[in-house]
Each structure stands twice: as C-alpha cells, then as structure tokens.
Amino acid sequence: MPDNTSSEESNDGRRKFIVTSTIAASAACALFPLASGIPSVMDPATKETGTAEVPWTKITRLNTLPENGTPTKFEVILAKVRDAWTTYTNIPAGAVYLARNGKEVTAFNLKCPHLGCAIDYRKNTNDYFCPCHNSTFALDGSVTTENSPSPRGMDTMDTKVEDGTVWIRFQHFRPNISEKVPI
Ligand code: FES
C-alpha cells in the first residue's frame, strides 16, 4: 500500500497557505481605501494651514508703489489654477492693497474679515473702512474701533520683492472668526 502521509501533509500545508493568503489579501483590500487617504489626513500643512503650496503671483513693479506707504489696490490674476482634471489660466481671484515701506511690501486682502465686503482705503482719514457694517482699520491693518464688527484685523499675505517685482501668495481666509484661517 502506497504511503500517502507526506502527500496529505503537503496538501494540508498548501490549503493553510491559500487560506492565510486569501485572508491577508482581503484585509489589504478592505484597508486600501483608508490607507490611500492617510497622506491627506496626516499632512494638513499642504491642505489647510500652510502657505508652502500657495503659488507666488506677480502683482506689480515695486517702483509703481508710493514710497510714503499709501496703499494701492490691485486685482489678483492667478496664472494657473488646477483642479483634478483641468488647468485654467489667468483666473481672477480677488484683490489686494499693497503698501510699500522701503524695499518691503505689505499685502492686505481687500475682503473684510467680518463678512467679506470690499474694504475701502479712505484718503481723507488715511485709514481703511468697510462700508457694510462700519469696521475701520489702521494702515497696518489693525482694528481701530472698540466694538468692531470685524473680529480681527485685515488679512495679510506673504510677499516678496525680486528684481524689482512684487509677488504675493494670495489667499482667502475664513470670515467672522478671530483667528486667521486659510480656506
Ligand atoms: S463685512 Fe465689513 S464690517 Fe461687516
């Protein structure tokens, strides 16, 4: 009579291997959708709060800005905007006030941090004013009234001057909260 013991052991081993492999593969399939989401969950700096991913946008030449710090308004046109499938070019994104101090430039978003109305620069009082609910701001963007509807000062953005050209990282921020949170 042939000895089938080793053949049965071998078949048994193969069955165990197949079962174990199937369980492992199923578990991997079940986990994959979660695993693929991990980088975006664990890297909020590039999605929500950081500025490293915000592209620089060219605004104007430094010598077009008054040297006495008087703010000048500019539209912001983004050279490229990408979504999942498409790249758009020359997209109007908002507006800024630029104020020069020597070779440095401060950029303020034109949107009021209260509810997003457009802020005016008032020449006669040399300050900023939002006509919607009468928030006022100093030239440095700080709130100047005690019971200001705006819960924070005007929103600034990163700026740089390279070869006489002013660049900004244009961003919008969540309205009506005291913290400055990019959106
Ligand atoms: S939106 Fe500017 S004060 Fe309300």
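Each of Thr165, Thr144 was scored by other Cβ atoms within 10 Å of its Cβ. Listed from fewest to most, they are Thr165, Thr144.
Among the trypsin sites (Lys or Arg not before Pro) in the stretch 51-88, none sits in a DSSP loop with a Cβ that has at most 15 other Cβ atoms within 10 Å.
Comparing Thr144, Phe173, Trp85 along the charge dipole axis of the stretch 61-183, the residue lying farthest to the positive side is Trp85, per the Cβ-charge model.
Stretching the chain fully between Val81 and Asp140 yields a gain of 18.2 nm (0.36 nm per residue, less the alpha carbon separation). Rounded to the nearest 20, the Cβ-based charge dipole of the stretch 57-168 about its Cα centre (Lys and Arg +1, Asp and Glu -1) stands at 240 debye.
In the structure shown, the pairs Lys73/Lys111; Lys80/Lys111; Lys73/Lys123; Lys58/Lys160; Lys111/Lys180 are assessed against 19 Å; a Cα-Cα span above that value is assigned to Lys80/Lys111. The residues Ser142, Ser135, Ser178, Ser148, when put in order of fewest to most other Cβ atoms within 10 Å, stand as Ser178, Ser142, Ser148, Ser135.
Positive-end ranking of Ser135, Met154, Leu98 along the dipole of the stretch 72-183, with charges on Cβ about the Cα centre, is headed by Leu98.
Residues whose amide H lies under 5 Å from that of Phe170, counting only those 5 or more places away or on a different chain, are Thr57; hydrogens are built 1.01 Å from N in the peptide plane.
The numbers here are math on the coordinates, done by the rules we state, and not lab data. Keep in mind that this is a model prediction, so the values were computed, not measured. Note: ideal-geometry Cβ built from the backbone for every residue, glycine included; neighbour counts use all protein chains shown.
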